[in-house]
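Throughout, read-outs are computed from the coordinates displayed, never taken from laboratory work. These numbers come from a predicted model, not from an experiment. Cβ placement follows ideal geometry from the backbone for every residue including glycine, while neighbour counts extend to all protein chains displayed.
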Amino acid sequence: MKKKMLAGAALLSAMALAFTGCAGNTSPGASGEPGDGGDVIKVGFAQTGSESGWRSANTESMKEAFSKENGFDLVFNAADNKQEAQIAAVRSFINQGVDAIVIAPITVDGWDDVLKEAQDAQIPVILEDRTVSASEDLYASWVGLDFEQEGRTAGEWVKENFDGKGANLVILEGTTGSSAALDRATGFGEAIKGTDINVLDSQTGDFTRDGGKKVMEGYLQKYGKDIDVLFAHNDDMGLGALDAIKAAGLTPGKDIQIVTIDAVKDGMTALANGEFNFIVECNPLLGEKAAELVKDVLAGKTVEKKTIVEDQSFTQEQAKEVLDSRPY
Ligand code: GYE
């Protein structure tokens, strides 16, 4: 089992071996039986849940990269956007004696204890997608996106199109306390600072279509036709808001202009159709890099602490051009 190779700290290696021995009896692929691949890497992946199109594409990318063919035995858990459930999943991976743990952390805070537990058990942790506030020493590496830059790009578009017009803006925020929502809000806020754009309201829609629809219904009841522009932290909330806007007798993309983040298929379709006005991409295809990091860390190689994947952005015209060739 890989953990034997991993046990870097000589002092702890005896403990680690005892622990590994225990776990080895129950974990498939680690029993050493012929045919089960003694070299198979057992990875526990704690996914946030299945809140959005981005998340589905990310899960697919991870499952593809951590496949049997690639030498992995993947234990997958989706936490339904609940931090306690996600932490419990990580604890269960530790108890199962997996070789490595990958986490897409729902919230930025609250990870210190369980990351310390993984470290004590000598199980390396790779983060993907969102970041945590815990010390960098508690995880091996992170691969994700520059959420602050995504927010800034969205804000710059709003500034370019609405500054000087006294425009009214509403915001649909992502999951409260997630690095994706926090950093996008920071970048966006910075970009529109000093403009005459008036932020009427900003509430969470939890990155879901339902959430986006409900919050937008509330905004429309409260502010009605005063709303000129909507910034949604992801496509799905923007897509939910489309229903609310149409039900209120308004035309999305015209009466209310919409800027979102992600650029998943449904979002790009809405952009190409003229219902959205601008999308900042957030690339969900992080599986290959995450799998490479796991293999390198287990092989004792030095890896980058941070890997940032680049994003683009799309206007309606650009969306029409690329729609058919988008992989997700
Ligand atoms: O933008 C959203 C998803 O953390 C980047 O989470 C991710 C975000 C993504 O639910 O659609």
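Descriptive notes on the structure:
- Gyration tensor (alpha-carbon) shape descriptor, the range 40-130, a/c threshold 1.5: oblate
- FRET efficiency for Glu288 and Asp120, using Cβ-Cβ distance with R0 set to 35 Å, rounded to 0.05: 0.75
- Mean residue ellipticity, 222 nm, helices only, the chain: the sum of -39500 (n - 2.57) across DSSP H runs of n ≥ 4, divided by residue count and rounded to 500, is -13500 deg cm²/dmol.
- Stretching Glu321 away from Lys165 to a fully extended chain increases their span by 53.1 nm, per 0.36 nm per residue minus the current alpha-carbon distance.
- Three principal axis extents of the chain based on alpha-carbon atoms, in descending order, are 68, 36, 31 Å.
- Electrostatic dipole magnitude of the range 147-282 [Cβ: Lys, Arg +1; Asp, Glu -1; Cα centre; debye, to 20]: 320
- Whether the range 147-282 is rounded, prolate or oblate, judged on the alpha carbon gyration tensor where a/c under 1.5 counts as rounded: rounded
- DSSP beta bridge pairing in the chain, given as percent antiparallel to the nearest 5: 5
- The range 240-310 shape via C-alpha gyration tensor axes, a/c threshold 1.5: prolate
- Once C-alpha pairs closer than 8 Å and six or more residues apart are averaged by separation and normalised to the residue number of the range 191-328, the relative contact order reads 19 percent.
- Additional length obtainable on full extension of the chain from Thr186 to Asp80, 0.36 nm per residue less Cα span: 35.6 nm
- Backbone geometry of the range 169-181 corresponds, through the Karplus equation with coefficients 6.51, -1.76 and 1.60 at θ = phi - 60°, to 3J(HN,Hα) couplings of 10, 10, 10, 9, 8, x, 3, 4, x, 7, 5, 4, 6 Hz, x marking Gly and Pro.
- Span from the the range 261-275 Cα centroid across to the the range 88-157 one, whole angstrom: 29
- Computed about its Cα centre, the charge dipole of the range 229-270 is approximately 140 debye, with only Lys, Arg, Asp and Glu carrying charge at their Cβ.
- With the simple model of a label 7 Å out from the Cα in the direction of the Cβ, Lys225 to Glu310 spans 4.5 nm.
- Taking label positions 7 Å along the Cα-Cβ direction at both Lys63 and Lys301, the computed distance is 2.7 nm, reported to one decimal.
- For the range 185-242 versus the range 289-328, the gap between their alpha-carbon centres in whole angstrom: 27
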